[in-house]
Amino acid sequence: MKKINVSELLDGENRLDFSLQPCIDGIVDEVHPVRCSLSNGVKVNLLLTKAGKSIHTRGDVCFTTELECARCLKKFEKDFSDYIDIRFLPFTEGKDEVNAELTEEGMGVAFYEGDEIDLEKIVVDTVFLSIPMKSLCKVDCKGLCPKCGKDLNEGDCDCTEGNTDSR
């Protein structure tokens, strides 16, 4: 778990580079039905700008994952890079913003309690949002023959095409 203590940050800019091995390998669930593996972990490069108790967090989250193609079921690796831009406020100072109408400006605001901010949760959320629900090994993947199961990327199969249901 990667947490930072707000009181230990210097006012102004603070650079934070680290790697995480979040516990999400092989996750398959109803919300995010994708099978992935993060064998090399996640590299995080952040710039934390402290102004009082407000922490503006910006930076990159990069990782490589092995995915399974939704059409042909082959495993393949894909590199991902996403950008984080979140302003953390103490929960007591942000009470009014929680009850206010959600605006575009409020989308990049998160709250912390006490003196700690859990960066691992933000990184894991970013990883999940980066991975597509249906991954393709290539844009023009032909998938598998629904009749015999042959990988159509390797060539046509011997199934007859006249036996399709016209409904």
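The values are calculated or read from the model by the stated rules, or taken from the named source; none is laboratory data. Computed from a predicted structure; not experimentally measured. Positions of Cβ are generated from backbone atoms using ideal geometry, with glycine treated the same way; all protein chains shown enter the neighbour counts.
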>> Any residue at all in segment 133-141 that's at pLDDT 85 or above, closer than 17 Å to Val61 by Cα and not acidic (Asp, Glu)?
In response: no
>> I'm told Ile55 meets every condition in (1) in contact with a helix residue (DSSP H, G or I) (Cβ under 9 Å, 6 or more places away or on another chain); (2) modelled with pLDDT of 70 or more; (3) loosely packed, with under 11 Cβ neighbours inside 10 Å except one. Can you identify the failing condition by its number?
In response: (3)
> Can you name every residue in segment 14-29 that is aliphatic (A, V, I, L, M) and at pLDDT 55 or above?
Replying inline: Leu16, Leu20, Ile24
>> What are the pairs with Cβ atoms under 7 angstrom where one residue, in segment 66-88, is in contact (Cβ under 8 Å) with a residue 12 or more places away in the chain and the other, located anywhere, is among the basic types (Lys, Arg) and surrounded by 14 or more Cβ atoms within 10 Å (Cβ to Cβ)? Sequence gap at least six, or different chains.
In response: Leu67/Lys78; Glu68/Arg35; Ile84/Arg58; Asp85/Arg58
